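The values are calculated or read from the model by the stated rules, or taken from the named source; none is laboratory data. The model shown is predicted, which means the values in this text are computed figures rather than measured ones. Here the Cβ positions follow ideal geometry from the backbone for every residue, glycine too, while neighbour counts run over all protein chains shown.
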Amino acid sequence: MAERLRSPSRPRGPRDDARMTLIEHLGELRSRIIKVAVVFFALSIVAWFFRKDIFDALLAPAPSLDGMLNFTSVTAPLITDLKLALFAAFLFTIPVLLYQIWAFVAPAVGDMGRAFTYVLISLASCLFLAGVAFGYFVVLPIGIDFLLDWDDERYQEIITGETYLPFVTRFLLAFGIVFEFPAATYVGAKLELVDAPLLKRYRKHAIVLNTVLAAALTPGQDPFSMVLMAIPMVVMYELSIIIARYVNPTTEVHVLARDGEEEREPDDEGGDRAEGHEENGHERDL
């Protein structure tokens with residue numbers, strides 16, 4: 001019995017290796033999440049010291065407010081500043097989050113996959129920031145002026161921090177998400193899930209769907225803001241068609257060749273039938 005207890009343990013099988021590999025992957029995933037959380041926490045602290053600058057930047061598209069917002073509760077200013085710091089930290093944490101995702105996935109996808117993932121993360125980060133910038137510099141000033149000047153003879157605005165700042169931040173985030181559509185198309189084209197002919201075929205459906213999404217994503221729910229969001233969505237869809245054609249150029253060539261063959265089939269059959277009739281006529285004459 002003692003010898004049996006002192007005997008070496010059984011050799012570790014492939015299941016144990018797989019279990020250890022899974023545990024290692026989970027540990028690495030946890031470390032990546034912790035890094036993102038640490039960066040987000042650090043950026044939140046930094047953003048807290050610049051909360052007044054962030055506040056002024058978000059009120060810049062509305063000069064009629066004179067840089068002031070009302071509040072209706074005692075804790076509203078403190079909570080609003082805290083939300084502003086978290087919002088700014090979230091925006092600046094997105095590139096770090098995407099990089100940690102790439103660092104976690106890259107060892108398993110090989111050299112080609114690493115290059116693809118690197119391009120994808122760079123594209124997604126740039127598109128998100130471009131969407132936020134487009135919403136802030138182009139759409140937001142026009143939309144706010146339109147909403148605040150609506151029938152000022154009958155309405156007098158009392159804009160509070162609890163209503164204005166969430167409206168602006170959600171508006172900017174919505175534009176950032178909308179501009180991610182080409183990156184999603186790039187992934188789908190790389191995985192051969194979508195191609196340019198498919199996107200062209202459903203272009204009319206996409207316009208209707210983009211209009212519905214613009215109505216759902218626009219915080220103000222006014223027609224003017226919906227139109228201003230729907231137009232970039234349509235432009236992003238057309239850009240996605242170009243990206244899909246660039247990623248999978250052979251797919252569109254095959255589709256065009258197949259369509260050409262389908263168009264030629266009736267003519268070929270008709271020509272064969274005509275030749276057959278001519279041969280039959282010659283046989284009858286003989």
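Values as computed for the structure displayed
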{"read-out": "The lone exception for LYS52 - which of (1) farther than 21 Å from ALA184 by Cα; (2) at pLDDT below 90 it fails", "value": "(2)"}
{"read-out": "Meets criteria (more than 22 Å from TYR246 (Cα to Cα) and assigned to a helix (DSSP H, G or I)) for VAL187", "value": "no"}
{"read-out": "Residue among LEU58, LEU26, LEU22, LEU43 that is under 13 Å from GLY161 (Cβ atoms) and part of a helix (DSSP H, G or I)", "value": "LEU58"}
{"read-out": "Hey, LEU98 of a type in the set (A, V, I, L, M), closer than 22 Å to ARG170 by Cβ and at pLDDT below 90 or not", "value": "yes"}
{"read-out": "Residue within the range 86-97 that is touching a residue at least 40 places away in the same chain (Cβ under 8 Å), in a strand (DSSP E or B) and surrounded by 13 or more Cβ atoms within 10 Å (Cβ to Cβ) present", "value": "no"}
{"read-out": "Test result for THR169, modelled with pLDDT of 85 or more, touching a strand residue (DSSP E or B) at 6+ places or on another chain (Cβ under 7 Å) and of a type in the set (S, T, N, Q)", "value": "no"}
{"read-out": "Flag if ARG6 is among the charged types (D, E, K, R) and modelled with pLDDT under 90", "value": "yes"}
{"read-out": "Residue check for LEU82: outside any loop (DSSP other than H, G, I, E, B), at pLDDT 90 or above and touching a Lys or Arg at 6+ places or on another chain (Cβ under 9 Å)", "value": "yes"}
{"read-out": "Those residues of the range 192-240 which are assigned to a loop (DSSP other than H, G, I, E, B), acidic (Asp, Glu) and more than 24 Å from PHE167 (Cβ to Cβ), in sequence order", "value": "GLU192, ASP195"}
{"read-out": "Leading residue by the ranking (farthest from ILE142 (Cα to Cα)) among those in the range 199-214 that are hydrophobic (A, V, I, L, M, F, W, C) and buried (at least 16 other Cβ atoms within 10 Å of the Cβ)", "value": "LEU199"}
{"read-out": "Members of the range 168-184 found to be buried (at least 19 other Cβ atoms within 10 Å of the Cβ) and assigned to a helix (DSSP H, G or I), listed by number", "value": "VAL168, THR169, PHE171, LEU172, LEU173, ALA174, PHE175, GLY176, VAL178, PHE181, PRO182, ALA183"}
{"read-out": "Qualifying residue in the range 114-133 (condition: at pLDDT below 80 and over 27 Å from ALA174 (Cα atoms))", "value": "yes"}
